[in-house]
Structures are given as C-alpha cells and as structure tokens.
C-alpha cells in the first residue's frame, strides 16, 4: 500500500500555524496485478487531492494574515483595521432566523415623538479675567417722549471667549553698578537671577513654551519656527533643538 511520511515545510512558520507536506513513499515492490496497480494509483490520486486541499486552505490562511498585517501597518487607522468582522452578529442572526422571527409586532398605540430638549450653553469658567466693553445708547435716544432724560435701569450682559495672540517681547536685564565717589574701591554690581540656560538669550518663558509646544502639543520645531517668524523673530530649529536638549539633560 501507499505510505506517506510527514516532510517539514520550507516556510518558517510557528507551531500554531505550521503546515507539513507529506512525502509519498511507494512500496519497495510494486504489485504485478493490474487491479492492484489501479488501486494504488487511485490511492495516490486521493492522497494528492487531500494534500492539495490542505495546502490551499493553509495558503488562504497565510493570505488573510498578510492582508491583516498590511492593514494594521499601512491602513488609515490602527484602531479600525481588521474590525470589519468583529461586529457581524446581525448578519449571522439574519442568516439563521426564520421569516416569522424577522417580523416585529407593532405597538397598539404609537407614542407621540417627544420634542428634543434644546441644549443649554455652558457657562464660561468664572476664574477667567473679565474685560467689560460698555455699549451705550446714543445721547439723542436717551430722551423719553415726555421730555425727561432716561437713566440706566438694567444691564444686559453677554460673554464671549477671547484669546490674546502670542506676544513676543524682549526682556532687558539691567544690573545697577554702585561705586564710591570718595574712594577708589571696587564697584559693586547687582547679581543676575539664576537662569535655566545662563549663556542663552532665551527666557524661562520661551523655554517653557518650547517644551510645551514640542512634547505636549506635538508641534514640530519647523512649524514653531514659522510661528515665531510671523512675529519677525528668527529662532532656527537647530537652536530650539539645542535648547530642549540642554533642559532635558
């Protein structure tokens, strides 16, 4: 009879998805009878078909794994890749349900649709600074029809959220020098406060904004360079990179 021996696959697969190709071994002595040879040939063909089906199934499995890996790596979003089959319960239920189960009974009296409540705008944070902008009535319209001047009896207040654009300024550190006019003793100079980068012209506020822009907002240094350029300030990205490297170190 025909014997098969498992032959390792040439593909470097792990144990969970491995596939072995059987090797057909003919008996050392072939039968001389024609019927026996025919039976041996049919057995060989059947074994070949079984191996072909198993190989095709494994190839389809590998193809699906490659497609899934490509979606995870090059897809529009790693969170949505491969999830189109995770929520197919509705399709499975529709395929197994009967026609009677697909018909839902209608209620006796349909409820009237409720009017959706109109959303209320949330109040602005009270800790923010308030700047009052007074809008007054023209003086010509503050005279009553009876001729009496009108007075303020109420104030209608509405608030808008405003943002002050970034202001770029230069801090001049002026250290006073004291000397004695009556003698030739050495003068005394005021000390400069400690700076994060003593030999740099970047203030602590600029360095703090640089770190926030880089690591909190995720803004590249090239874009932050363009933001400063709109204010006529040239800070090359090389200097920015050196600044936050020294701060991190």
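The values are calculated or read from the model by the stated rules, or taken from the named source; none is laboratory data. Source: prediction; values computed, not measured. FYI the Cβ positions are ideal-geometry reconstructions off the backbone, even for glycines, and counts take in every protein chain you see.
Quick check on segment 135-170: of everything there that is part of a loop (DSSP other than H, G, I, E, B) and in contact with a strand residue (DSSP E or B) (Cβ under 9 Å, 6 or more places away or on another chain), which residue is surrounded by the most Cβ atoms within 10 Å (Cβ to Cβ)?
142
Pairs only if they're at least six apart or on different chains, beta carbon under 7 angstrom, first in segment 204-228 and touching a residue at least 40 places away in the same chain (Cβ under 8 Å), second in a helix (DSSP H, G or I) and surrounded by 11 or more Cβ atoms within 10 Å (Cβ to Cβ); list them, first residue then second.
207/243; 207/247
Would you confirm, using the coordinates I've provided, whether residue 206 is in contact with a helix residue (DSSP H, G or I) (Cβ under 9 Å, 6 or more places away or on another chain), surrounded by 13 or more Cβ atoms within 10 Å (Cβ to Cβ), at negative phi and at pLDDT 85 or above?
Against the criterion (in contact with a helix residue (DSSP H, G or I) (Cβ under 9 Å, 6 or more places away or on another chain), surrounded by 13 or more Cβ atoms within 10 Å (Cβ to Cβ), at negative phi and at pLDDT 85 or above), residue 206 qualifies.
Against the condition at pLDDT 90 or above, farther than 30 Å from residue 236 by Cβ, outside the structural domain of residue 236 (by TED's automatic domain parsing) and not in a helix (DSSP H, G or I), how does residue 129 come out, does it pass?
Yes.
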